[in-house]
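Enquirer: I have a structure here, written as structure tokens, and I will follow up with some questions on it.
The values are calculated or read from the model by the stated rules, or taken from the named source; none is laboratory data. Bear in mind the structure is a predicted one, so any value in this text is a computation, not a measurement. Cβ placement follows ideal geometry from the backbone for every residue including glycine, while neighbour counts extend to all protein chains displayed. The protein model used for the area step is the full one, side chains on, heavy atoms only, and it has no ligands, DNA or RNA in it. Shrake-Rupley method; radii C 1.70, N 1.55, O 1.52, S 1.80 Å.
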Amino acid sequence: MLQVLNAYLFQHRSISIPGMGTIYLETFPANADVAGRTILPPAYRFRFDKYFDAPEKEFFAFLAVQGNMLDFEAIKWYNEFSFDLRNRIRNEEAVPWDGVGVLKKDGSGNILLESAVAPAFSVQPVPAIRVNRQDAVHTLLVGDHESTSVEMNEWLQEEEATRKRFPWWVIALVLGVIGLAILGWHFYTHGWSTANQTKF
């Protein structure tokens, strides 16, 4: 019958034990290990909360269907199971719950759950290798215009070719030569005198 309780716990992520508390199944999402170039699997952990201990009505219906018994028999069986579990823990006995963990009492009398990872959840990390496809065609949104990666590569290559044809230093050299020619012509026609010089 413990397999039925585990099935309910895994499906509904919690199971309440009358007079004790509730066991919750917590899920932690998968993580990327950038340094190790792997994706770590999701982690599962069981947590015990002593404050909520009333099972839901659907739990007893689930128990009755899975155990092939009537509802009142399922309620009676589960109450006896929880009573036996409480007594074993009160006698300072560590009670193993297969696939969930070990229930036991600490020094102050509180019930603790040492969580175990179920073998069904043991998943190995997956290698995460970045794949760069040089010739892959995909759409890009540039401003409000949508184009493909091939069109953008062609446009960038044309722009680079334009830059290579007319380097900036050639234009600066031409403008410098023109400026020097204008200054030379001015001094040739007017001489080295300036308008601010006055004759006495």
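Enquirer: Scan the stretch 25-51 for residues that are closer than 22 Å to G99 by Cα, outside any strand (DSSP E or B) and open to solvent by less than 60 Å² (accessible area, probe 1.4 Å) and jot them down.
Expert: Those that are closer than 22 Å to G99 by Cα, outside any strand (DSSP E or B) and open to solvent by less than 60 Å² (accessible area, probe 1.4 Å): A30, P41, P42.
Enquirer: Among (1) open to solvent by 70 Å² or more (accessible area, probe 1.4 Å); (2) not in a helix (DSSP H, G or I), where does F72 come up short?
Expert: (2)
Enquirer: Let me confirm something: among A64, A54, which residue is free of Cβ contacts under 8 Å to residues at least 40 places away in the same chain, small (G, A, S) and not in a loop (DSSP other than H, G, I, E, B)?
Expert: On the way: A54 fails: not in a loop (DSSP other than H, G, I, E, B).
Answer to the check: A64.
Enquirer: When the stretch 88-103 is examined, which residues are found to be within 17 Å of L2 (Cβ to Cβ) and in contact (Cβ under 8 Å) with a residue 12 or more places away in the chain? Break it down into steps so the answer makes sense when it comes.
Expert: Initially, the stretch 88-103 is screened for residues within 17 Å of L2 (Cβ to Cβ), giving 88-89, 93-103.
Correct list: I89, W97, D98, G99, V100, G101, V102, L103.
Enquirer: Let me ask you something else. Just to be sure before I move on: is T22 farther than 23 Å from A116 by Cβ and open to solvent by less than 90 Å² (accessible area, probe 1.4 Å) in the structure I sent? Talk me through it step by step, then tell me what you get.
Expert: Numbers: farther than 23 Å from A116 by Cβ: no; open to solvent by less than 90 Å² (accessible area, probe 1.4 Å): yes.
No, not satisfied.
Residue-wise test of (1) in contact with a strand residue (DSSP E or B) (Cβ under 9 Å, 6 or more places away or on another chain); (2) surrounded by 10 or more Cβ atoms within 10 Å (Cβ to Cβ); (3) at pLDDT 80 or above; (4) of a type in the set (F, W, Y).
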residue	(1), (2), (3), (4)
L112	yes, yes, yes, no
S115	yes, yes, yes, no
A128	yes, yes, yes, no
V142	no, yes, yes, no
S147	yes, yes, yes, no
W155	yes, yes, yes, yes
A161	no, no, no, no
K164	no, no, no, no
P167	no, yes, no, no
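Enquirer: Next question, about the same structure. Among the listed residues L113, L85, which satisfies the condition of being in a helix (DSSP H, G or I) and touching a residue at least 60 places away in the same chain (Cβ under 8 Å)?
Expert: Result: L85 is the single residue among L113, L85 that is in a helix (DSSP H, G or I) and touching a residue at least 60 places away in the same chain (Cβ under 8 Å).
Enquirer: Let me ask you something else. Anything in the stretch 35-53 that is of a type in the set (A, V, I, L, M, F, W, C) and out of contact with any Pro (no Cβ under 7 Å at 6 or more places or on another chain)? List them, or say none.
Expert: First, pick out the residues of the stretch 35-53 that are of a type in the set (A, V, I, L, M, F, W, C): 35, 39-40, 43, 46, 48, 52.
A35, A43, F46, F48, F52, listed by residue number.
Enquirer: Applying the selection to the stretch 138-156, what residues are over 27 Å from A32 (Cα atoms) and part of a loop (DSSP other than H, G, I, E, B)?
Expert: Scanning the stretch 138-156 gives G143, D144.
Enquirer: Determine which member of the set A30, A54 is in contact with a strand residue (DSSP E or B) (Cβ under 7 Å, 6 or more places away or on another chain), hydrophobic (A, V, I, L, M, F, W, C) and under 30 Å from V123 (Cβ atoms).
Expert: A30
Enquirer: Which residue is farthest from Y8 (Cα to Cα), if the candidates are limited to the stretch 45-73 and must be among the aromatic types (F, W, Y) and within 33 Å of the chain's Cα centre (by Cα)?
Expert: The qualifying residue farthest from Y8 (Cα to Cα) is Y51.
Enquirer: Would it be correct to say that L103 is open to solvent by 90 Å² or more (accessible area, probe 1.4 Å) and of a type outside the set (F, W, Y)?
Expert: no
Enquirer: Also, I was wondering about something else. Can you work out which of the residues in the stretch 9-19 that are open to solvent by 10 Å² or more (accessible area, probe 1.4 Å) and under 16 Å from N79 (Cα atoms) is nearest to the chain's Cα centre (by Cα)?
Expert: Looking at residues that are open to solvent by 10 Å² or more (accessible area, probe 1.4 Å) and under 16 Å from N79 (Cα atoms), I get S16.
Enquirer: Kindly indicate which of T38, T27 is among the polar types (S, T, N, Q) and touching a residue at least 60 places away in the same chain (Cβ under 8 Å).
Expert: Working: T27 fails: touching a residue at least 60 places away in the same chain (Cβ under 8 Å).
Unique residue meeting the criteria: T38.
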